[in-house]
Amino acid sequence: AVKSRDTTPEMIVRRLVHAMGYRYRLHRKDLPGKPDLAFGPRRKVIFVNGCFWHGHDCKRGARTPKTNTEYWVAKINRNRARDAASTAALKQQGWQVLTVWECAVKDQDALAVELGTFLNG
């Protein structure tokens, strides 16, 4: 079964952020898109997206399933539209948004730098 929370990439990001000393809330229902991590006083949120499910332009995200193609293309396009709407709504409310892609989690040193820059800036 495909999980929407507590995925491996999300857990890696959570561990890195926690080790840096930041505290956060998970999946806040009162925010558009229910961001994976929300840093309330900083007005910053992080989404951890799977490359395939959210249509990233990397190798894994760019592939199209060979069976039931029409369904999957429509589903991924809906996911991308929903992501864009959530990001726009959050920015309109004064939140800063960072999207961490599944493929970026492989290089944890670079990811830690990116997270630190986002949370400190």
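Give T117, T87, T99, T64 a once-over and let me know the one that is of a type in the set (S, T, Y), modelled with pLDDT under 95 and out of contact with any His (no Cβ under 8 Å at 6 or more places or on another chain). So that I can check it myself, show each step before the final result.
Values: T117 fails: modelled with pLDDT under 95; T87 fails: modelled with pLDDT under 95; T99 fails: modelled with pLDDT under 95.
Only one candidate passes the filter, namely T64.
Within the stretch 62-90, track down each residue that is aromatic (F, W, Y) and surrounded by 11 or more Cβ atoms within 10 Å (Cβ to Cβ).
Going residue by residue through the stretch 62-90, those that are aromatic (F, W, Y) are 71-72.
Within the stretch 62-90, just W72 meets the criteria.
For the list (1) open to solvent by less than 30 Å² (accessible area, probe 1.4 Å); (2) in contact (Cβ under 8 Å) with a residue 60 or more places away in the chain; (3) assigned to a helix (DSSP H, G or I); (4) not aromatic (F, W, Y), I need the number of the one condition that I12 fails.
Every listed condition holds for I12 apart from (1).
The values are calculated or read from the model by the stated rules, or taken from the named source; none is laboratory data. Note that the structure is predicted; figures quoted are calculated from it, not measured. Cβ atoms come from the backbone with ideal geometry, glycine included; neighbour counts cover every protein chain shown. Only protein heavy atoms, including side chains, enter the accessible area calculation; ligands, DNA and RNA are left aside. Shrake-Rupley method; radii C 1.70, N 1.55, O 1.52, S 1.80 Å.
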